[in-house]
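Structure, as structure tokens:
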Amino acid sequence: MNNQTASIKQRETWGDVIRGICSLTVILSHIPGSPHFLLMYVTPFTLPCFFILSGYFTKNYGGNLTEFFYNKALKEVLIKLMSCACMTTLTLQVIARLILHPMTIPEWLYDTFLTFLAKPTANFFSILVMCSIYFIVVNKICRDKPIPMILISFGMAAVGYLIARERIIKLWSWDTALVCVAFYTLGYCARQNGVIKIFKWKPEHALISGGVFFALVTFFAMTFGVKHTMIIVGNNTFVSPLVSVPLFLAGNIFMIALANVIPKTPRPIQLLMYIGRHSMIYFMIGGLVLAYTHYFHTLLFEAFHWSFLQSLVYKLPVYLIVTASITLIPSYLSDRFFPALNGCFRLPESIIKRRPKTCIAVCVLLI
């Protein structure tokens, strides 16, 4: 009990704040009709922050490549990916097709799996899996030395950028994972060298970094245009590094500074932290809930033709609040019945010590 209490006290809650902000901005950026100027200000930190935190909270499992892959890439990510596959395919079209054309269970599973492969959720989790693999290879080659790791990871990011730009090959977003591993490695090296803790964040740091970030976004928007700037920073493969890199760095520094100075006691911040602890669920099924919200909103507008229903001033906060609130339900249920979805899943030691190679081989054969 004492050990459990100590681990709770030592939890770095600023990471939960960032994850909560990222989860809500992902919902906000996918609301139909979201203005380009809004997307331009939230895109630079939404996903990069998530990968920086993934690297920051990654444990070094030692010299065993198989054990790392089993614990990080397979157990913590693939289990979540496969467990949400059925939920993310429960669209109205799939349900209608099942009613009109009944299928056997194997046919439904096969159809569900193929449908899931084409969804953004699958791409996001595949990038997480591949980032883990890329990272551990870089970690072992560089023997856990930060400077070589950063240099090699940014070299891999350049390769991913060139591959995507020239359209040489596209295999389940692995070129995007080559770019994201740079953020992943930055987060890990920051943790190993105590960068976040050494730098004492203060309110003025959040104010200065936020001012720099918003000034950069505004400058690039005035120079290249709002829509073009949003497209540049929204592409994870760095369409224009001279624009996207400064925005990514400034945006992520601002988020880390802001999350470290925000008071954690107010109820809204605690709710934000709860969402952050369940950010995986928001990434997995938030899009599905948003799609249903949009569907019923469209039905309401077609029935009554109220003009205010199409106003962005109404749509943006209502869509965000409704989607975030409904997604709290599976977050609560996962705490009670399926903790594999909320990032707190740990297998017993007796299971971890069993042959991970055998487990990996079985999973590969099943897939």
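The values are calculated or read from the model by the stated rules, or taken from the named source; none is laboratory data. Quick caveat, the model's predicted, so the values are computed rather than measured. As a convention, Cβ positions derive from the backbone with ideal geometry for all residues, glycine included, and neighbour counts pool all protein chains shown. Ligands, DNA and RNA are stripped out before the accessible areas are found, and what is left, the full protein with its side chains, is counted by its heavy atoms. Shrake-Rupley method; radii C 1.70, N 1.55, O 1.52, S 1.80 Å.
Figures for the structure shown
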{"read-out": "Kirkwood Rh, angstrom, region 129-224 [1 / mean 1/r, Cα pairs]", "value": "15.4 Å"}
{"read-out": "Semi-axes of the equivalent ellipsoid for region 240-332, Cα gyration tensor, largest first, Å", "value": "30, 20, 14"}
{"read-out": "Whole-number accessible area per residue in Å² for region 182-292, which is evaluated in the context of all protein chains at 1.4 Å", "value": "47 Å²"}
{"read-out": "Region 264-305 - Debye-derived log10 I(q)/I(0), Cα point model, q = 0.18, 0.35 Å⁻¹", "value": "-0.66, -1.02"}
{"read-out": "Estimated D of region 206-284 in µm² per second, where Rh is the Kirkwood radius over Cα pairs and Stokes-Einstein applies at 10 °C, 1.306 mPa s", "value": "111 µm²/s"}
{"read-out": "Charged-residue dipole, Cβ positions (Lys, Arg, Asp, Glu), region 170-308 about Cα centre, Debye nearest 20", "value": "500 debye"}
{"read-out": "Region 291-311-region 213-282 distance, computed between alpha-carbon centres (Å)", "value": "30 Å"}
